Amino acid sequence: MVRAVLFDLFETLITESGTRPAGVSSLAPELGCEREAFRRQWNALRPAVTVGHVSLLQALSDIAARLGTGAEGATVQRMCADRTRAKAEPFGQIEHEVLIMIDQLRNRDLRLGIISNCFAEDVAAWPQCSLAPLFDCTVFSFEVGLAKPDPEIYIGATRRLRVNVSDTWFIGDGRDDELVGAERAGLRAFRALWFLRRWPQPSEERSSAANVATVQDVVSLVERAIEPADRV
């Protein structure tokens, strides 16, 4: 039985395949840092930014200070603002098929939620997104202090939706071992392929999750799962 579906956000409901915003590591020259030195510092701080213990602004400022670049606060603020703008663009380009899928799932009386590993800057545009009012909960890592694949982030989402983990599916592209984490939490996991195919090197997958080729396949899977109950 399925009563709820939790989705990953990036490359599952929205895609950056068209905009391809630069990663944080590419900011090294602008911050006045040697690339490899910056990368080491950023890799150490990134987990704390993801769970909201440190802001992106503070992380970049700390790296600049540690590496002695002398970057001014205004420079770091502008870099954060640039990321916010770059990350906002895909939120205004939701593909029609995705909207149809969500509408069909809602018509089946399923509870719907989102779990995303992200910084505050990454989802600043979410409230204005056409998807936002269609979901019953959003669990952003920087807000809850947890990140995928920690099973607790999935369990927390099911509590918000007021459903059992055994009645909940998770659908995502597979980054951050999110499908493995969902399975460990007791959810049924599926790997979304529809946006992954637009990237030259899709992420590797270590879970036993079944692949789902199209958004319409999600609807078909749900219909097959709930049809027996409809006949009772």
Are any of the residues in the stretch 103-111 in a strand (DSSP E or B) and not acidic (Asp, Glu)? yes
With the requirement that a residue be in a loop (DSSP other than H, G, I, E, B) and more than 17 Å from Glu95 (Cβ to Cβ), what does the stretch 114-141 give you? Asn117, Cys118, Phe119, Ala124, Asp136
How about the stretch 143-219: which strands (runs of 3 or more DSSP E) wholly inside it have at least 1 residues that are crowded, with 22+ Cβ neighbours inside 10 Å? 168-172, 188-192
Hey, can you tell me all the residues within the stretch 127-141 that are in contact with a strand residue (DSSP E or B) (Cβ under 9 Å, 6 or more places away or on another chain) and under 21 Å from Thr158 (Cα atoms)? Leu131, Ala132, Leu134, Phe135, Asp136, Cys137, Thr138, Val139, Phe140, Ser141
Given the residues Leu57, Leu9, which is the only one that is assigned by TED's automatic domain parsing to the domain that holds Gly186, on the phi < 0 side of the Ramachandran plot and hydrophobic (A, V, I, L, M, F, W, C)? Leu9
Give the residue that is farthest from Ile115 (Cα to Cα), with candidates limited to residues of the stretch 7-62 that are acidic (Asp, Glu) and within 20 Å of the chain's Cα centre (by Cα). Glu16
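The values are calculated or read from the model by the stated rules, or taken from the named source; none is laboratory data. Keep in mind the model is a prediction, meaning the values are calculated, not measured. Glycine gets a Cβ as well: all are built from the backbone with ideal geometry, and neighbour counts include every protein chain shown.
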